[in-house]
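Notes follow the structure.
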Amino acid sequence: MELTKEDLQNLRQDYRSAQLSEEDVNTDPIQQFKKWFTEALDAKLYEPNVMTLATANSDGKPSARVVLLKGFDENGFVFFTNYESSKGQDLIENPQAALVFFWAELERQVRIEGVVSKIDPESSTEYFHSRPAGSQIGAMASSQSRILTDRKILEDKVTELTAQYEGQEIPRPLHWGGYLVEPTYMEFWQGRSSRLHDRIVYDLKDGSWTIGRLAP
């Protein structure tokens, strides 16, 4: 099938499943996220914790990738990665990030902006040891985001580490752990018919959340 410009231009859906008003939402955006995330779980969506993570370096050059949400509470949202990766380098230079969740089946999107810091080493170690052994070895073996001249180099390293730690606890690499995104802005988007979507936003000002509506 040949893809034409018209094929792309004609891709559209009319969203009609729900609506969202200021009266519907919780006064606390974390609690509102919990409500929507629970509904995504109840709907049995495929990997509802998938999120786009956007960072930028000190020059303002942006970069985005998909990662997994691995925890959230009143303090913010947690993900894990290699601290020496490209995103880790961005966060050293510019400790701010944006997250986006998109749950197509529910016609919903959540946008989060906030400041980023490493979580405590003990929590990173606890999560690391909850992962499958193969994932632990993978975290040790991979120099994430660096040039790999041959995949066999990585595979040989995995084989070496697997043999080295057979029957032993695998230590968490010091270059691997969790980040906390503490939100300063959150937006809840509910698709509506004719692109007249509902956008309810929370903005943190002087330690308190204000709630408003944006034009679609």
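Bear in mind that the values in this text are calculations on the coordinates, not laboratory data. Computed from a predicted model, the values in this text were never measured in an experiment. Note: ideal-geometry Cβ built from the backbone for every residue, glycine included; neighbour counts use all protein chains shown.
At a glance:
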| quantity | calculated |
| --- | --- |
| For region 25-136, convex hull volume per residue from C-alpha positions, Å³ | 125 |
| For residue 197, distant residues with modelled amide H under 5 Å away | 192 |
| Listed residues 198, 28, 42, most fluctuating in the chain (Gaussian network, C-alpha, under 10 Å) | 42 |
| Distance cut-off 14 Å, percentage of C-alpha pairs in region 130-171 lying past it | 45 |
| Label assignment, Kirkwood radius over Cα pairs in Å derived from the structure, set (1) 20.9; (2) 17.6; (3) 19.7 | (3) |
| Flagged links, alpha-carbon separation over 21 Å, of 118/152; 34/70; 35/70; 35/205; 61/87 | 118/152; 35/205 |
| Within the chain: Cβ-based charge dipole about Cα centre, in debye rounded to nearest 20 (Lys, Arg +1; Asp, Glu -1) | 420 |
| Restricting region 28-97 to chymotrypsin sites (Phe, Trp or Tyr not before Pro) in coil, as DSSP defines it, with at most 11 other Cβ within 10 Å | 46 |
| Percent RCO, i.e. relative contact order, over the chain, from Cα pairs under 8 Å lying at least 6 residues apart | 25 |
| Cβ-based charge dipole, the chain, positive-most Cα from 117, 133, 15 | 15 |
| Nearest-ten-degree value, helix 29-42 long axis tilted from longest Cα axis of the chain | 80 |
